[in-house]
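The values are calculated or read from the model by the stated rules, or taken from the named source; none is laboratory data. As the structure is a prediction and not an experimental result, all values here were calculated from the model. Please note: Cβ atoms are built from the backbone with ideal geometry, for glycine as well, and neighbour counts cover all protein chains shown.
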Ligand code: HEM
């Protein structure tokens with residue numbers, strides 16, 4: 001091991017941890033190559049991870065297709081019906097109720113999934129048509145559509161196969177970047193922390209002594225609500241105010257994530273932050289115009305853009321039996337609309353009251369009835385819609401199909417990556433030589449990178465403390 005510790009320093013051997021450590025300048029973006037004698041350094045772009053198929057999982061390769069492609073023309077034209085906002089407004093609308101969970105997975109999941117999967121945007125318009133006058137539409141969209149563009153594909157393939165622009169491994173891509181130039185930029189001081197790229201939640205509760213009166217005033221001036229009660233302060237941030245991260249401070253921000261329950265993972269999607277995000281179009285003359293983004297509608301339309309198979313074909317591809325009816329999908333007792341004086345007979349699906357709740361968590365109409373009214377039969381059910389409508393398995397945030405997908409994906413991330421931490425002999429050698437154990441909880445990593453000690457964080461930061469309910 002010729003002089004490696006002197007050149008690189010022991011901390012830099014922790015290649016697979018999420019702690020914000022730097023990597024040696026010898027990391028290349030091409031094929032994996034030999035490190036200083038006793039371990040191999042993986043490439044930045046994933047190339048060479050699989051020795052028999054060096055291109056597998058590399059930046060720019062096609063996503064793996066697990067079920068037959070579904071395109072209107074068999075080649076690359078997305079199916080257009082039913083309109084994705086129409087579906088979203090009848091299945092994903094929350095009807096004013098948010099059901100919560102004490103599993104705190106979404107922030108971490110977002111960080112993880114953007115390290116092993118990210119599509120490429122193109123200039124080809126694929127905007128989703130929008131009708132302001134069609135009930136149950138309740139927000140105004142002056143653009144007349146939800147802006148969307150088609151994803152980039154790998155050249156020369158029919159049917160279209162979409163390109164993954166990050167490597168397909170759990171390799172800290174978001175921390176290290178996929179090529180030398182990006183790594184150099186990330187290593188340039190505090191840029192590694194990327195504070196401006198975070199999506200902070202709305203509320204932080206912490207000790208008021210962290211801030212001066214002038215700092216609290218400055219936060220108020222930027223639109224945050226600041227409520228001081230005794231020795232504590234609660235800071236409410238508007239969504240999408242990442243520029244406040246520095247001022248609020250990363251420690252209390254991460255600590256507060258664990259104190260707020262998340263929305264449950266089900267077919268219901270939060271209205272203001274995800275399903276009807278309203279933006280003012282600059283100008284406001286003669287009146288303010290608005291644009292709306294609906295992430296659920298984008299998900300439906302993106303599935304069609306990528307030619308994702310229909311729900312039952314995807315179930316088959318994951319070894320599950322296809323569902324015979326809409327009520328079998330949702331696990332409900334009926335797929336008919338009730339005889340209810342609040343509903344318009346024969347047009348229940350367009351009646352906003354069909355989404356109302358008769359008791360907490362129970363709607364006036366079943367999801368199965370609305371799915372049937374939208375799709376007619378099972379041959380066109382968008383996979384993501386059917387999948388989200390499935391009842392959650394006991395003790396899980398996932399229904400049957402989601403569970404099967406995530407299980408297979410995470411097994412592949414583990415078994416298909418020879419640098420996965422449990423497969424990587426270098427990490428055992430580092431522990432033996434330097435006494436550095438790469439195994440850390442996320443709580444350890446938060447404590448190591450902030451001024452919040454481990455003891456002030458939840459024992460398991462993936463669960464809300466105190467638990468929901
Ligand atoms: C306020 C919170 C969030 C907002 C506003 C948001 C917004 C978006 C938008 C606009 C897209 C692009 C949709 C498209 O055009 O296809 C997207 C993609 C995506 N989001 Fe989120 N998202 C949020 C939270 C999350 C979370 C918590 C996760 C994971 C648990 C997540 C996972 C993903 C994934 C996997 C994609 C697809 C990435 C790709 O293949 O390119 N997002 N998100």
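At-a-glance table
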{"read-out": "Residue within the stretch 260-272 that is closer than 30 Å to residue 95 by Cβ, at pLDDT 85 or above, touching a strand residue (DSSP E or B) at 6+ places or on another chain (Cβ under 6 Å) and exposed (fewer than 15 other Cβ atoms within 10 Å of the Cβ) present", "value": "no"}
{"read-out": "Top-ranked residue in the stretch 110-142 [being within 16 Å of residue 87 (Cα to Cα) and under 23 Å from the mean Cα position of the chain (by Cα); ranked as surrounded by the most Cβ atoms within 10 Å (Cβ to Cβ)]", "value": "128"}
{"read-out": "Matching residues in the stretch 232-290 - criterion: being part of a strand (DSSP E or B) and within 18 Å of residue 211 (Cα to Cα)", "value": "232, 233, 234, 235, 236"}
{"read-out": "Breaking point among (1) within 12 Å of the ligand (Cβ to nearest atom); (2) modelled with pLDDT under 95, for residue 285", "value": "(1)"}
{"read-out": "Residue 176 modelled with pLDDT of 85 or more and surrounded by 14 or more Cβ atoms within 10 Å (Cβ to Cβ)", "value": "no"}
{"read-out": "Those residues of the stretch 291-313 which are within 16 Å of the ligand (Cβ to nearest atom) and part of a helix (DSSP H, G or I), in sequence order", "value": "295, 296, 297, 298, 299, 300, 301, 302, 303, 304, 305"}
{"read-out": "Residue within the stretch 329-347 that is without any contact (Cβ under 8 Å) to a residue 24 or more places away in the chain and closer than 25 Å to residue 69 by Cα present", "value": "no"}
{"read-out": "Count - residues of the stretch 94-119 that are within 8 Å of the ligand (Cβ to nearest atom), outside any helix (DSSP H, G or I) and in contact with a strand residue (DSSP E or B) (Cβ under 7 Å, 6 or more places away or on another chain)", "value": "1"}
{"read-out": "The one condition in (1) closer than 30 Å to residue 173 by Cβ; (2) touching a helix residue (DSSP H, G or I) at 6+ places or on another chain (Cβ under 9 Å); (3) at pLDDT below 85; (4) in a loop (DSSP other than H, G, I, E, B) that residue 223 fails to fulfil", "value": "(1)"}
{"read-out": "Unmet requirement for residue 89, which otherwise passes all of (1) in a helix (DSSP H, G or I); (2) within 12 Å of the ligand (Cβ to nearest atom)", "value": "(2)"}
